[in-house]
1. Around Ser422, under 15 Å between beta carbons, what's the net of Lys plus Arg minus Asp minus Glu among the other residues?
2. With labels modelled as points extended 7 Å from the Cα through the Cβ direction, what inter-label distance (nm, one decimal) is found for His152 paired with Lys183?
3. How much net charge surrounds Lys319 when only other residues with a Cβ under 15 Å from its Cβ are counted (Lys, Arg +1; Asp, Glu -1)?
4. Can you give the % of DSSP beta bridges in the range 252-296 that are antiparallel, to the nearest 5?
5. Using helices alone, what [θ] at 222 nm do you get for the chain, with -39,500 (n - 2.57) per DSSP H run of 4 or more residues, divided over all residues and rounded to the nearest 500?
6. For the chain, with every protein chain kept in place, what is the accessible area per residue (1.4 Å probe, Å²)?
7. At 0.36 nm per residue, and after removing the present C-alpha to C-alpha distance, how many nm does the segment from Ala108 to Asp385 gain when stretched out fully?
8. Can you give me the distance in nm between label points at Arg439 and Ser425, each placed 7 Å from the Cα along the Cα-to-Cβ direction?
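The values are calculated or read from the model by the stated rules, or taken from the named source; none is laboratory data. Keep in mind that what you see is a predicted model, and the values were worked out from it rather than measured. Here Cβ is always computed from backbone atoms with ideal geometry, including for glycine, and neighbour counts include all displayed protein chains. Note: areas computed on protein heavy atoms with side chains; ligands, DNA, RNA excluded. Shrake-Rupley method; radii C 1.70, N 1.55, O 1.52, S 1.80 Å.
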Amino acid sequence: MNLAVIVLGAGQGKRMHSALPKVLHPLAGRPLLAHVLDAAHALKPAQILVVHGHGGAEVRAAFDGARVEWVEQAQQLGTGHALAQALPKVARGAQVLVLNGDVPLVRAATLERLVAAAKSGLAICTSALTDPTGYGRVLRDARKRVRRIVEHQDASAKQLRIREWYAGFLAAPAQRLSAWLAKVKPANAQKEYYLTDVIQLAAKEGVHIATVAAQDPWEVAGVNSRHELALLERAYQNAQAKSLLDAGVALADLWRVEVRGLLACGRDVSIDVNCVFEGSVKLGDRVRVGPNCVLRNVTVDADTEIRAFSLLEEATVGKRCRIGPYARLRPGTALAEEVHIGNFVEVKASRVGAGSKANHLAYLGDAEVGARVNIGAGTITCNYDGASKHRTVIEDDAFIGSDATLVAPVTIAQGSYIGAGSTISKSTPPGQLTVARARQVSLPGWKPPRKK
């Protein structure tokens, strides 16, 4: 089938009280429109067109490189007018599926049912699962045939009591949609061109109008306010939590976990409260994540423990490691197996070998750390000279005393010992103790200054 998906996303979203275009507001860490496009791409259509208006340049920039065609609706004159801007770009023989950019949780399976139902003429998605306030009501005749949609602001008191409402998605042949849209007039309270008017026009022509009922109230819920966005966020996160529990993950509290991307877990993974997972995160078997941790685009191998209040981003962690509490792994960090990164230790663009430890208060930046290295408290690699980054190499079995300063570029040779408080700016010989600090002096008779 030659399927074209048209996403209507030109609305300003005044009730959001934000300068950000409504379709760019985040749900689970991604713009609302991104979720809609995911569902559209799942249908493998011949083309996807997005109608933009308010903040169009910002919307296009946010989806730079996306496989969509952009159509501008310079004046926002209603949903029918928005669709009319895009239809000329669609082949006359195509089947058209119309979506809304602010209804993010729609399932591809529901859309497939809708497209299939439209083969006999026109199909619309409806719901009776939630409060219909604000939505257009579905009007049927005595034989239960759909005759038209009446928008909430144009409905009578009797019509407002109808529970079945139009969810904003429809499918129909492009040629017929174009003909119906050409007859739509702005004869309504909003003086807009309603897309829903095509349903009445189709009914008058005797076209069969099929309805596909949504199975889940959240998948047809739109976002018109911060409150509605917050409700959808919680619905999405609860669904993610249920999936994790069904897969065998132990969650301390299903209400206090946030998945803002893809989280893949092995067997017997446990996740404590208030953890946030962003981007693509993979946790191996028996990984334990303590409370209040943030993991962003991270791979963690089996039997590793991430303790409380740790932040890991763009990093890989080997087996049987211990991270935190209060540790930070920045982009480019790669830890081998059985590495310990303790409290208030920061690692950036560095590789740390098997069995090495930095248990507290250290900074490793742009470093190559070998196996079985001990990094004392207060140790830092001075990797930046104000213009360029330089690398520090610490070879196997080195011991770095507390409060050492390693001025890159420098190599700490295998088996080297660095005395506490040393500033090392030259490479050291293997297997020797190197001390570089000022001579200690005590001054007899010295008296502290006194206030006058």
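1. Around Ser422, the charge tally is +2.
2. Modelled inter-label distance: 2.9 nm.
3. Residues near Lys319 contribute -1 overall.
4. Of those bridges, close to 0 percent are antiparallel.
5. Rounded to the nearest 500, it is -5000 deg cm²/dmol.
6. Normalised by residue count, the accessible surface of the chain is 48 Å².
7. Net length gain for the segment: 94.5 nm.
8. 1.9 nm
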